[in-house]
1. Against the definition (assigned by TED's automatic domain parsing to the domain that holds F330, touching a residue at least 40 places away in the same chain (Cβ under 8 Å) and within 16 Å of the chain's Cα centre (by Cα)), how does L377 come out, yes or no?
2. Criterion first (of a type in the set (S, T, N, Q), touching a Gly at 6+ places or on another chain (Cβ under 9 Å) and part of a helix (DSSP H, G or I)) does N343 satisfy it?
3. Return the residue satisfying two criteria in turn: it lies in region 209-265 and is within 19 Å of P177 (Cβ to Cβ) and without any contact (Cβ under 8 Å) to a residue 24 or more places away in the chain, and of such residues it is surrounded by the fewest Cβ atoms within 10 Å (Cβ to Cβ).
4. Quick check on K325: is it at pLDDT 95 or above, in a loop (DSSP other than H, G, I, E, B) and either at negative phi or not hydroxyl-bearing (S, T, Y) (or both)?
5. Residue check: is S82 hydroxyl-bearing (S, T, Y), in a loop (DSSP other than H, G, I, E, B) and either under 22 Å from L226 (Cα atoms) or within 23 Å of the chain's Cα centre (by Cα) (or both)?
6. Here are the criteria: (1) part of a helix (DSSP H, G or I); (2) among the β-branched types (V, I, T); (3) under 24 Å from A386 (Cβ atoms). Tell me which single one I41 does not satisfy.
7. Somewhere in region 275-288, is a residue more than 24 Å from P44 (Cβ to Cβ) and touching an Asp or Glu at 6+ places or on another chain (Cβ under 9 Å)?
8. Take the residues of region 44-79 that are crowded, with 20+ Cβ neighbours inside 10 Å and part of a helix (DSSP H, G or I): which is farthest from the chain's Cα centre (by Cα)?
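The values are calculated or read from the model by the stated rules, or taken from the named source; none is laboratory data. If you're wondering where the values come from, they're calculated on a predicted model, not measured in any experiment. Here the Cβ positions follow ideal geometry from the backbone for every residue, glycine too, while neighbour counts run over all protein chains shown.
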Amino acid sequence: MNQKKIVPAVRTDNITYAVRDIVVLANEVAKSGKEMLYLNIGDPNIYDFEPPEHLVKATYDAMLRNYNGYAPSSGINEAIESIEREAERKNITNVHDIFVTTGASEAIDICLTALVNDGENVLTPTPGYPLYTAIASKLSMMENPYYLDEGNAWLPDIDDIKSKVNNKTKAIILINPNNPTGSLYTVENLNQIIELALENDLVIFADEIYDKLLFDGKEHVSIASLNKDVSCVTFGGLSKNYMVPGFRIGWGIVSGRKEILADYSEAINKILRARLSANHPEQYGIQPSLEGDQSHLTEAIEKLIRRRDMTVSMLNDISGISCVKPEGAFYAFPRLHMEQSDNHFVAELIKETGVVVVPGTGFGQVPGTQHFRVVFLPNERILERAYNAIGDFYHKYLQEFPEKTETV
């Protein structure tokens, strides 16, 4: 019997996720027996980082008490109240709604789905986390990237943002601290974005999942704390700050003028109710995490500063590579000063050395520039070997591929 092939939806055509996609090649190389050095996944648990014991215990106790059924759609009261107190500590006022989701990723997906119609657009940071472009493709959103300025510590380019706003623009996304660059935004920069959002009736999506992983005594300022009238959804979660990405627990905090946000908040809650609930027992880890002992952060930040400093020093010592110093998270986004494709460079790097990084094209970048992202979670011994291998390979690569290469 002749059967027609099942044709997938067109909306999936442009969905890519470079962080995971590069693993396909890495797995093929690993089969050859080559030793692999993975600097591609932002998962602290596969390195020498662990969650605080009281978080794990609270979740375990909840499971033993048989909190294993459905939770309320917006989250358990204990968690919601704790996130509200966290918002107060961050000086976020005029809060109208808080909801718990299956990771911050689900919160972002739900909030975009509740806001954007076919053919409309959201201003998305470039470079930025590839989840946003994947969701945009799924929702048939028009791409509207704005650029971060590498020459200005990877801060958002306000003039570029202003030039991109049009009558189909519904929101602006901020990732602060930024993935993949590790940049931390200034109050001046945030206030300029608030002014632009108010002038153009935009919702601000503030992805602050790394807000406690800061270096050199820096302090994080939530953009929602700077203006009580601006429409904002602040995203957070346990994944990075509390070292449990596999728990898939995140949240959203809706703040601003209630009369402006009421219909939008209800649209978000319609979707929350339709998908039933986020993971239930893990929600009992939110309150002890946010309000309990934070000493794991001190230890983690000390490690990350050492590894950040090694990353910046060793990569900047490679002629033809430059790296802006990250101020938060655990990523760096070094630039390759060459014309060849960063996709091609990374593929050849993996095959030749076993060092796995992610090409800059997976995060977006200014046209004509080439980058790659590194995760500096591994210990210093692994990082030293990886960066030495990158330096040796880079000059070999330029000799072997002196002409501009095609994207692969």
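1. On the way: assigned by TED's automatic domain parsing to the domain that holds F330: yes; touching a residue at least 40 places away in the same chain (Cβ under 8 Å): yes; within 16 Å of the chain's Cα centre (by Cα): yes.
Yes, satisfied.
2. Working: of a type in the set (S, T, N, Q): yes; touching a Gly at 6+ places or on another chain (Cβ under 9 Å): yes; part of a helix (DSSP H, G or I): yes.
It is true that N343 is of a type in the set (S, T, N, Q), touching a Gly at 6+ places or on another chain (Cβ under 9 Å) and part of a helix (DSSP H, G or I).
3. Step one: filter region 209-265 for residues within 19 Å of P177 (Cβ to Cβ), giving 209-226, 232-245, 250-253.
If we keep only those that are without any contact (Cβ under 8 Å) to a residue 24 or more places away in the chain as well, we get 217, 219.
Values: G217: 5, E219: 8.
Filtering first and then ranking leaves G217.
4. Details: at pLDDT 95 or above: yes; in a loop (DSSP other than H, G, I, E, B): yes; either at negative phi or not hydroxyl-bearing (S, T, Y) (or both): yes.
Yes.
5. Working: hydroxyl-bearing (S, T, Y): yes; in a loop (DSSP other than H, G, I, E, B): no; either under 22 Å from L226 (Cα atoms) or within 23 Å of the chain's Cα centre (by Cα) (or both): yes.
Judged against the criteria, S82 is not a match.
6. For I41, the failing item is (1).
7. Yes, region 275-288 contains a residue that is more than 24 Å from P44 (Cβ to Cβ) and touching an Asp or Glu at 6+ places or on another chain (Cβ under 9 Å).
8. So, considering only residues that are crowded, with 20+ Cβ neighbours inside 10 Å and part of a helix (DSSP H, G or I), the one farthest from the chain's Cα centre (by Cα) is A58.
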